[in-house]
1. Can you list the helices (runs of 4 or more DSSP H) lying wholly within the stretch 1-72 that have 2 or more residues being over 19 Å from residue 197 (Cα atoms)?
2. Quick one: which helices (runs of 4 or more DSSP H) sit completely within the stretch 218-317 and have at least 2 residues that are under 30 Å from residue 149 (Cβ atoms)?
3. Mind listing whichever residues of the stretch 1-17 are surrounded by 10 or more Cβ atoms within 10 Å (Cβ to Cβ) and at pLDDT 85 or above?
4. Looking at the stretch 261-281, which of its residues are buried (at least 17 other Cβ atoms within 10 Å of the Cβ), touching a residue at least 24 places away in the same chain (Cβ under 8 Å) and out of contact with any strand residue (DSSP E or B) (no Cβ under 7 Å at 6 or more places or on another chain)?
5. Right, residue 116: at pLDDT 95 or above and either under 24 Å from residue 282 (Cβ atoms) or touching a strand residue (DSSP E or B) at 6+ places or on another chain (Cβ under 9 Å) (or both) or not?
6. Surrounded by fewer than 17 Cβ atoms within 10 Å (Cβ to Cβ), in contact (Cβ under 8 Å) with a residue 12 or more places away in the chain and part of a strand (DSSP E or B): does that describe residue 90?
7. Somewhere in the stretch 228-237, is a residue modelled with pLDDT of 95 or more, surrounded by fewer than 24 Cβ atoms within 10 Å (Cβ to Cβ), more than 26 Å from residue 118 (Cα to Cα) and touching a helix residue (DSSP H, G or I) at 6+ places or on another chain (Cβ under 9 Å)?
8. For residue 75, work out the one condition from (1) without any contact (Cβ under 8 Å) to a residue 60 or more places away in the chain; (2) assigned to a helix (DSSP H, G or I); (3) within 30 Å of the chain's Cα centre (by Cα) it doesn't fulfil.
């Protein structure tokens with residue numbers, strides 16, 4: 001069963017009726033419910049298509065945060081072979097919020113970095129809900145340095161509400177770690193491709209998303225601060241998050257129009273959690289096309305183009 005969002009109530013009501021009819025048919029084989037089930041399934045599809053064709057920014061935020069949405073571990077399992085995780089920043093500790101390592105992507109050796117939120121209470125606590133501490137970003141820097149040394153393209157999968165704002169993280173240099181990671185991204189002489197698969201929150205996202213190509217899933221969000229945080233700062237009222245989300249232009253369509261991202265990866269009707277394999281394959285195809293385009297370019301050119309790409313953001317608005 002799916003976890004339904006508030007605006008999905010018409011869909012949940014129809015699918016609940018379908019579930020009841022299927023259960024009734026299983027309990028009594030003399031009852032034929034196939035015609036009614038078919039009618040309700042058609043209505044559910046129509047309702048889903050109508051609702052998802054006109055999602056607002058706040059509704060997209062809810063979809064991006066859906067608990068059943070595929071996470072980094074799901075992409076890593078489907079897209080990469082021989083994935084070898086690398087742990088620790090060699091300075092302080094291991095941070096499970098950032099997963100990083102070496103792998104093969106469709107036969108090509110690559111470095112992989114991404115945030116992992118976890119999918120149940122135990123794993124969410126382990127991964128700190130996808131909010132990295134400084135040692136997570138220093139681990140990412142270590143892996144990027146290795147990739148640059150050995151000529152491995154870097155693929156990053158972004159899914160974080162933001163870097164962890166705890167006292168310990170601040171004491172260990174959270175802002176400096178984020179800045180150094182961003183700097184490392186800009187200095188790479190290998191292709192770097194980033195995909196925002198869920199939330200792309202603040203510096204916690206940009207620290208591993210300063211790539212030659214940046215893509216977003218259709219219902220992902222990417223912003224300098226969460227809608228709740230923006231509402232709290234602007235109006236001292238976090239309940240105005242919906243209004244903040246609309247004004248901040250955080251959706252894939254908004255950011256493509258502003259030139260912040262390079263492309264949008266479509267999701268199935270109902271969101272990525274409705275068909276994770278389809279979304280993961282689509283992301284893989286986009287990454288593959290970008291790699292084919294970027295790999296032949298000299299390292300100096302890749303670095304120059306990447307830096308210029310980010311310098312140009314906002315200049316032509």
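1. Counting at least 2 such residues, we get 9-27, 34-52.
2. 276-294, 299-312
3. 4, 5, 7, 8, 9, 10, 11, 12, 13, 14, 16, 17
4. If the condition is that a residue be buried (at least 17 other Cβ atoms within 10 Å of the Cβ), touching a residue at least 24 places away in the same chain (Cβ under 8 Å) and out of contact with any strand residue (DSSP E or B) (no Cβ under 7 Å at 6 or more places or on another chain), then 270, 271, 273, 274, 276, 280 are the ones that fit.
5. yes
6. When the stated conditions are applied, residue 90 does not pass them.
7. Taking every residue of the stretch 228-237 in turn, none turns out to be modelled with pLDDT of 95 or more, surrounded by fewer than 24 Cβ atoms within 10 Å (Cβ to Cβ), more than 26 Å from residue 118 (Cα to Cα) and touching a helix residue (DSSP H, G or I) at 6+ places or on another chain (Cβ under 9 Å).
8. It fails just one condition, (1).
The values are calculated or read from the model by the stated rules, or taken from the named source; none is laboratory data. What you see is a predicted model; the values in this text were computed from it and never measured. As a convention, Cβ positions derive from the backbone with ideal geometry for all residues, glycine included, and neighbour counts pool all protein chains shown.
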